[in-house]
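Have a look at the structure below before the remarks.
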Amino acid sequence: MSRSGGVIGAAMMMIASASVSVAAQSLPAAFESPWSDVAPAIVEDRVVAAGLGLPDERLGRLSARRAAARSRGEERAETAIHAWADDALARVSAAPTVAADVHRVIDARAEVTRVRALADGGAVVEIAVPLAALREVSSERGLPWSR
């Protein structure tokens, strides 16, 4: 084997080992952010949803379009969680006062957990509501957040 073949072989081995170590590392949280709407789902101890906010083309500055898109994305994700809670409450025939309390908690405790800015000025906003907060106002059997 020639000397250049040995050098090339050694370089290939280094590249292969470097790619294995990079693949073993976890991705940064920013790369795990959703690219579009995500339906509400229970993840660990909270309900999580994401909403796509499209940019408002009437606004001239990209920063203003992006801010409007973030607001729309957050509203869209929160609306999805409200609908998810409504469906769950309807399945157990919850009292209207309980439903009102649940929706009040969603409004008060929903927080933005991640934002993915899109190149066109849009944004995908992920929000989460702690399950414990929902349990405080309603722990009826059959609800997704009840134990």
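Some points to look at:
- From 114, 76, residue being closer than 20 Å to residue 32 by Cα, in contact with a Leu (Cβ under 8 Å, 6 or more places away or on another chain), touching a residue at least 12 places away in the same chain (Cβ under 8 Å) and crowded, with 16+ Cβ neighbours inside 10 Å: 76
- Restricting attention to region 108-147 and to residues that are acidic (Asp, Glu) and farther than 12 Å from residue 74 by Cβ, the residue that is modelled with the highest pLDDT turns out to be 136.
- Inclusion of residue 48 among residues that are among the β-branched types (Val, Ile, Thr), at pLDDT 95 or above and buried (at least 16 other Cβ atoms within 10 Å of the Cβ) is warranted.
To keep it simple, each residue is scored yes or no on (1) closer than 17 Å to residue 38 by Cα; (2) in contact (Cβ under 8 Å) with a residue 24 or more places away in the chain; (3) part of a helix (DSSP H, G or I); (4) in contact with a His (Cβ under 8 Å, 6 or more places away or on another chain).
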| position | (1), (2), (3), (4) |
| --- | --- |
| 66 | no, yes, yes, no |
| 103 | no, no, yes, yes |
| 107 | no, yes, yes, no |
| 143 | no, yes, no, no |
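- Residue in region 83-94 that is open to solvent by less than 30 Å² (accessible area, probe 1.4 Å), under 18 Å from residue 144 (Cβ atoms) and free of Cβ contacts under 8 Å to residues at least 40 places away in the same chain present: no
The values are calculated or read from the model by the stated rules, or taken from the named source; none is laboratory data. Every value quoted in this text rests on a predicted model; they were computed, and no experiment measured them. All Cβ positions, even for glycine, are placed from backbone atoms using ideal geometry, and neighbour counts span all protein chains on display. SASA here: full protein model, heavy atoms, side chains in, ligands and nucleic acids out. Shrake-Rupley method; radii C 1.70, N 1.55, O 1.52, S 1.80 Å.
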